[in-house]
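Here the structure is laid out as structure tokens; the discussion comes afterwards.
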Amino acid sequence: MRKTIIAGNWKMYKTIKEAIELSNGLKRELFKLDKQGIDVVLCPPFTALSEVAEVLVESDILLGAQDLYWQDEGAFTGEVSAKMLQEAGCTFAIIGHSERRQFFGETNATVNKKIKAALANALTPILCVGETLKEREAKETFDVLEDHLHNGLDGLNKEDVLRMVVAYEPVWAIGTGKTATPEQAQEVHGYIRDLLRKLYDKETALQIRIQYGGSVKPENISALMQQPDIDGALVGGASLQVVSFTDIVKKAAEVIK
Ligand code: PGA
């Protein structure tokens, strides 16, 4: 049985003050919910991590970063290491988000190094994979996913991948208001699970959690969660408000009841 995971990717939103406010609000509202054991993860910007970690003490909400660098320390101006994130209170790290691939030169090779660094520092990597609109229209979706997974997971054994989460995020659905239909998402999640089976084995593939991301909202989470291979969501825009993110967690909990 895979445990549902709902993560909020705050992207480059929220000052420290706003992040404290949002995480306090979420802590209060989520505490009232019967979350059915769902893993809830907040991923604020680097600057707010320590403060949000303070807020989350004595709550079961988990903390994640949005990226990391693979070296522990060194002359790498502007970068933050997995070791530093762990010290700041993180237990998760988003890796290979499409915005990093699109705007900051992230490649499967750098994704792979980052996953290894995360695992070496007790962080659960959330590996993001997904196709652009152009790739979908050219019927290259499955090839892109195979490329992202095969190369992103290079050199990782079964024990390693069992400590990871995969997030399927079709780039055309991120921040656009266009969600993949539950059937479209399920088709790809099924494909990813089958690919993991081929890369590892059936038991491993069945245990890995695969989240969906791309315009997830309170209105569409229930239908997505009803799909057999969708184990949660990576939420951007709707994670920036207490009401919408709480609603998403609540609706996900209702589906798994
Ligand atoms: P969105 O972002 O929910 O705003 O589409 C999702 C993501 O980029 O992780």
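Where a number appears in this text, it was derived from the coordinates with a stated rule and is not lab data. Values in this document were obtained by computation on a predicted structure and should not be read as measured data. Ideal geometry is used to build each Cβ from the backbone, glycine not excepted, and the neighbour counts take in all protein chains shown.
Stretching the chain fully between residue 154 and residue 34 yields a gain of 39.3 nm (0.36 nm per residue, less the alpha carbon separation).
Quick check on the exposure proxy: order 212, 69, 168 from fewest to most C-beta atoms within 10 angstrom.
Details: 212 31, 69 20, 168 26.
Final ranking by Cβ density, sparse to dense: 69, 168, 212.
For the pair residue 176 and residue 120, label points projected 7 Å from Cα toward Cβ lie 3.7 nm apart. Taking a straight line from the alpha carbon of residue 14, these lysines sit under 20 Å away, with near neighbours fewer than eight places off in the same chain left out: 27, 217.
Per residue, the chain reaches -13000 deg cm²/dmol at 222 nm when only DSSP H runs of four or more residues are counted, each adding -39500 (n - 2.57). In straight-distance terms, cross-link reach from residue 198 covers every one of the aspartates and glutamates whose alpha-carbon lies under 18 Å from its own, apart from those fewer than eight places away in the same chain; here that gives 143, 146, 147, 154, 159, 160, 187, 229. The GluC sites (Glu not before Pro) of segment 189-257 that DSSP puts in a loop, and whose beta carbon has at most 16 other beta carbons within 10 Å, are 219.
Taking the Cβ of each residue in 31, 92, 103 as the centre, tally the other Cβ atoms inside 10 Å and list the residues starting with the fewest. Don't skip to the answer; put the middle values down first.
On the way: 31 12, 92 23, 103 9.
Lowest count first: 103, 31, 92.
Extents of the chain, largest first, come to 47, 44, 34 Å (Cα atoms, principal axes, whole angstrom).
Label-to-label distance, residue 58 versus residue 134, with points set 7 angstrom from Cα along the beta-carbon direction: 5.3 nm. Computing FRET efficiency as 1/(1 + (r/R0)^6) for residue 2 and residue 75, where r is the C-beta to C-beta distance and R0 is 45 Å, gives about 0.65. Pairs with C-alpha atoms separated by more than 25 Å, drawn from the list 11/257; 11/83; 83/113, are 11/257. Extension gain for residue 199-residue 12 works out to 63.9 nm (0.36 nm per residue, less the C-alpha to C-alpha distance).
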